[in-house]
Amino acid sequence: MKRGWRFELHDFYCINCGKRTMTLPRNAGHKKEKFHRKLLYCPYCKITINQIECRNEHEAHEFKTSFKAGVYKDECEAEKSNLDGRNRWSGEKQLA
Ligand SMILES: [Zn+2]
């Protein structure tokens, strides 16, 4: 029974290190905006941070070009300061 289930493999790229972290099967019929973000764990950075979904080679290439140009730098810094904030907060809570 192969009918009714069509999927594509989409790659996810970390906005912190630019590496491909994950490949997930996605429903091919489901339309989503380009460069959809998903909060995933990056095994290279060892943090949970937004990953960019690339649906094909062309989008992957575009992401890599943008990443090198620093397009995701601000977003990434904002994400990381959120992480730091959470860590500091829990640290203070432990001290109290
Ligand atoms: Zn990373």
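Could you tell me how many of the residues in region 42-56 are farther than 16 Å from Glu77 by Cα and modelled with pLDDT under 95?
Within region 42-56, the first condition is being farther than 16 Å from Glu77 by Cα, and the residues that meet it are 43-44, 53-56.
The next check asks that each one be modelled with pLDDT under 95; those that pass are 55-56.
Going through region 42-56 one residue at a time, the tally reaches 2.
For region 57-83, enumerate the residues that are modelled with pLDDT of 95 or more and aliphatic (A, V, I, L, M).
Correct list: Ala60, Ala69, Val71.
For region 18-50, give me each residue that is more than 10 Å from the ligand (Cβ to nearest atom) and charged (D, E, K, R).
If the condition is that a residue be more than 10 Å from the ligand (Cβ to nearest atom) and charged (D, E, K, R), then Arg26, Lys31, Lys32, Glu33, Lys34, Arg37, Lys38 are the ones that fit.
The values are calculated or read from the model by the stated rules, or taken from the named source; none is laboratory data. From a predicted model like this one, the values you see are computed outputs, not experimental measurements. When we count neighbours, we look across all protein chains shown, and the Cβ atoms used for this are built from the backbone with ideal geometry, even at glycine.
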